[in-house]
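Q: Please read through the structure below; I'll follow up with questions.
Values quoted throughout were computed directly from the atomic coordinates according to the rules given, and no laboratory measurement underlies them. Predicted model, so just to flag it, every value in this text is computed and none were measured. A quick note on method: Cβ atoms are made from the backbone with ideal geometry, for glycine too, and the neighbour counts reach across all protein chains shown.
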Amino acid sequence: MSVLASTVTAVLPQLVTAVPDPGAGTMPPGFGAFTTVMGWAKYIGLGVAVVGLIMLGVSLTISARRGEGGEIGGWLGRLLIGVIIISAAFTIVGFLVGA
């Protein structure tokens with residue numbers, strides 16, 4: 001066991017000093033267009049979700065007048081989860097890209 005411990009203590013400092021520093025880094029040329037397209041996709045997706053929410057509200061109103069509407073709650077949950085996914089996806093990609 002002492003041979004293993006002495007080997008680890010001898011090799012570990014060399015491994016730590018051998019890790020290169022990547023620096024701050026920069027985006028590749030033309031990468032600004034990617035973030036622009038991501039912004040458009042986010043706003044288009046959220047616009048579609050708002051239109052879907054309006055349509056869901058109209059459907060809920062019509063169903064309530066007829067005395068129905070129990071299954072609308074499931075659609076509302078799916079729509080709101082979609083909005084969360086759209087917003088979170090753009091935020092996560094923007095964070096990873098550094099924009």
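Q: Among the chymotrypsin sites (Phe, Trp or Tyr not before Pro) within region 20-98, which fall in a DSSP loop and have no more than 16 other Cβ atoms within 10 Å of their own Cβ?
A: Phe31
Q: Something else about it: At q = 0.13, 0.23 Å⁻¹, what is the base-10 log of I(q)/I(0) for the chain according to the Debye formula with one equal point scatterer per Cα and no solvent? Please give it to two decimals.
A: These q points yield log10 I(q)/I(0) values of -0.69, -1.13.
Q: Mean separation of Cα pairs under 8 Å and 6+ residues apart, divided by the residue count of the chain: what relative contact order is that in percent?
A: This gives 34 percent for the chain.
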